[in-house]
1. Spot the failing condition for V53; the list is (1) within 9 Å of the chain's Cα centre (by Cα); (2) open to solvent by less than 100 Å² (accessible area, probe 1.4 Å); (3) touching a residue at least 40 places away in the same chain (Cβ under 8 Å), and only one is missed.
2. Within segment 15-27, count every residue that is open to solvent by less than 60 Å² (accessible area, probe 1.4 Å) and touching a helix residue (DSSP H, G or I) at 6+ places or on another chain (Cβ under 8 Å).
3. So which pairs qualify, if the first residue must be in segment 1-12 and open to solvent by less than 80 Å² (accessible area, probe 1.4 Å), the second must be small (G, A, S) and assigned to a helix (DSSP H, G or I), the Cβ gap must be under 6 Å, and the two must be at least 6 apart or on different chains?
4. With respect to R30, is the statement that it is touching an Asp or Glu at 6+ places or on another chain (Cβ under 6 Å), farther than 16 Å from R64 by Cβ and either modelled with pLDDT of 95 or more or open to solvent by 60 Å² or more (accessible area, probe 1.4 Å) (or both) true?
5. Out of (1) of a type in the set (D, E); (2) open to solvent by 60 Å² or more (accessible area, probe 1.4 Å); (3) in contact (Cβ under 8 Å) with a residue 24 or more places away in the chain, what's the single condition that is false for E39?
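The values are calculated or read from the model by the stated rules, or taken from the named source; none is laboratory data. Quick caveat, the model's predicted, so the values are computed rather than measured. Cβ placement follows ideal geometry from the backbone for every residue including glycine, while neighbour counts extend to all protein chains displayed. In case anyone asks, the SASA skips ligands and DNA or RNA and just uses the protein heavy atoms, side chains included. Shrake-Rupley method; radii C 1.70, N 1.55, O 1.52, S 1.80 Å.
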Amino acid sequence: MAWKPIFCEKLCPVCKKARAGDPKAVQSQRKQLAKFGPEGCMFGRARTKYYGVTPDKPVPPEKR
């Protein structure tokens, strides 16, 4: 089963809010990145592979 990068980008309750600047979500995301590595969970890894940026960074406009 291939993990979909769109979940991390549009639907993940932690990553989406953290990229929008929610302090609690940012803290939670940092814990997840520390636990799972620089790419985060399986959806974060799929997002990193697809868009070329880690879950804590916004997607560059040319990749949208």
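1. Here V53 meets the rest and fails (3).
2. Going through segment 15-27 one residue at a time, the tally reaches 4.
3. Filtered contacts from segment 1-12: P5/A46; C8/G44.
4. Values: touching an Asp or Glu at 6+ places or on another chain (Cβ under 6 Å): no; farther than 16 Å from R64 by Cβ: yes; either modelled with pLDDT of 95 or more or open to solvent by 60 Å² or more (accessible area, probe 1.4 Å) (or both): yes.
Considered against the rule, which asks whether it is touching an Asp or Glu at 6+ places or on another chain (Cβ under 6 Å), farther than 16 Å from R64 by Cβ and either modelled with pLDDT of 95 or more or open to solvent by 60 Å² or more (accessible area, probe 1.4 Å) (or both), R30 comes out as no.
5. The failed condition is (3).
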